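Asks: First the structure, which I've put down as structure tokens, then a few questions once you've had a look.
The values are calculated or read from the model by the stated rules, or taken from the named source; none is laboratory data. Worth saying up front: this structure is predicted, and the values here are computed from it rather than measured. As a convention, Cβ positions derive from the backbone with ideal geometry for all residues, glycine included, and neighbour counts pool all protein chains shown.
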Protein chains: 2
Amino acid sequence: MNTNHSQAFLALGDPTRQLLMERLAKRPMPVGKLAAGLSISRPAVSQHLKVLHNAGLVTVQQEGTRNIYHIDPRGVEAMRTYLDRFWDRALAAFKRAAEEDME
Amino acid sequence: MNTNHSQAFLALGDPTRQLLMERLAKRPMPVGKLAAGLSISRPAVSQHLKVLHNAGLVTVQQEGTRNIYHIDPRGVEAMRTYLDRFWDRALAAFKRAAEEDME
DNA sequence: CGTATCGGTAAGCTGTTACTTACCGTAAAT
DNA sequence: ATTTACGGTAAGTAACAGCTTACCGATACG
């Protein structure tokens with residue numbers, strides 16, 4: 001839904017949302033079931049899911065009156081590849097710095 | 001400095017800190033130089049760097065009166081591997097769901 | 001139909017975050 | 001030794017994030 005990295009990282013920065021994602025990684029679930037295990041209210045879970053959805057990290061699949069949430073692997077992969085590029089550049093900078101120190 | 005994912009993701013969730021990281025990925029830099037290009041004050045940059053440092057994403061190297069900041073590849077890699085595991089589980093869940101839909 | 005289940009939205013409170021300016025310590029340079 | 005450069009910390013403020021309760025629409029079920 002979105003290619004903005006900031007939103008995705010911000011979304012995963014919250015411990016509760018991280019927990020939701022880990023639960024959803026195990027199996028897709030409706031909102032009520034997700035909320036059942038947590039100490040926060042169901043509306044709070046809905047709000048967290050909205051954030052995750054806007055960040056492109058989950059998808060919804062309506063099934064009768066239930067809204068089943070799934071992890072969106074595309075969103076996770078976008079973060080992965082972003083970090084990959086990032087990491088490469090960081091390592092390159094380190095090598096460069098190391099070589100300069102050699103002289 | 002820290003193995004907590006939440007802190008790292010939270011840190012990268014802020015657009016300003018993302019920008020700082022991308023600048024530092026190109027080359028290590030002192031605080032003043034980092035602040036020069038931005039629209040926010042130098043103390044604000046210091047505060048952001050503190051967050052990044054606590055998240056284990058940057059290291060400092062004192063050089064005279066300058067504090068040179070570097071990306072810490074270990075921190076970045078920790079996020080990468082966390083996402084890797086995460087992504088794997090998400091894909092597995094998807095396969096499982098797809099198989100169930102087949103029946 | 002009416003009623004229950006499910007879940008998203010609104011309004012409001014509270015703690016936290018990102019910024020500012022002002023200040024202070026430390027290292028180098030004159 | 002004074003001055004300049006650099007950068008971290010303190011205090012205060014304004015915006016924002018996360019929570020709650022109350023409410024409402026929509027599907028399924030009697």
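Asks: Filter segment A:12-54 down to residues that are in contact with a Gly (Cβ under 8 Å, 6 or more places away or on another chain) and near DNA strand D (Cβ under 8 Å from one of its atoms), then give me how many there are.
Replies: The number of residues fulfilling the criteria is 2.
Asks: Moving to a separate point now. Within segment B:55-71, which residues are of a type in the set (D, E, K, R) and within 7 Å of DNA strand D (Cβ to nearest atom)? I'd like the intermediate steps shown before the answer.
Replies: Taking segment B:55-71 first, the residues of a type in the set (D, E, K, R) are B:63, B:66.
Matches in segment B:55-71: B:66 only.
Asks: For segment A:25-49, which residues satisfy the criterion of being in a helix (DSSP H, G or I) and among the polar types (S, T, N, Q)? Explain how you work it out, then say what you get.
Replies: Our first condition is that a residue be in a helix (DSSP H, G or I); within segment A:25-49, this holds for A:25-26, A:31-36, A:42-49.
A:46, A:47 - these are the residues of segment A:25-49 that are in a helix (DSSP H, G or I) and among the polar types (S, T, N, Q).
Asks: A follow-up question, please. Restricting to segment B:50-84, and then to whatever is within 16 Å of DNA strand C (Cβ to nearest atom) and among the hydrophobic types (A, V, I, L, M, F, W, C), can you tell me which residue is farthest from residue A:25 (Cα to Cα)?
Replies: Across segment B:50-84, the extreme among qualifying residues is B:68.
Asks: Is at least one residue of segment A:3-18 without any contact (Cβ under 8 Å) to a residue 60 or more places away in the chain, more than 10 Å from chain B (Cβ to nearest Cβ), closer than 29 Å to residue B:55 by Cα and more than 14 Å from DNA strand C (Cβ to nearest atom)?
Replies: Among the residues of segment A:3-18, not one is without any contact (Cβ under 8 Å) to a residue 60 or more places away in the chain, more than 10 Å from chain B (Cβ to nearest Cβ), closer than 29 Å to residue B:55 by Cα and more than 14 Å from DNA strand C (Cβ to nearest atom), which makes the answer no.
This table checks each residue for (1) at pLDDT 95 or above; (2) in contact with a strand residue (DSSP E or B) (Cβ under 9 Å, 6 or more places away or on another chain).
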| site | (1), (2) |
| --- | --- |
| A:20 | yes, yes |
| A:24 | no, yes |
| A:31 | yes, yes |
| A:42 | yes, no |
| A:68 | yes, yes |
| A:85 | no, no |
| A:92 | no, no |
| A:99 | no, no |
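Asks: Could I ask something else about it? Just to be sure, is residue B:58 within 19 Å of the chain's Cα centre (by Cα), away from chain A (no Cβ under 13 Å) and either modelled with pLDDT of 95 or more or farther than 17 Å from residue A:8 by Cα (or both)?
Replies: No: the conditions fail for residue B:58.
Asks: Do you know which residues across segment A:1-58 are hydroxyl-bearing (Ser, Thr, Tyr), surrounded by 14 or more Cβ atoms within 10 Å (Cβ to Cβ) and closer than 19 Å to residue A:81 by Cβ?
Replies: Scanning segment A:1-58 gives a single hit, A:6.
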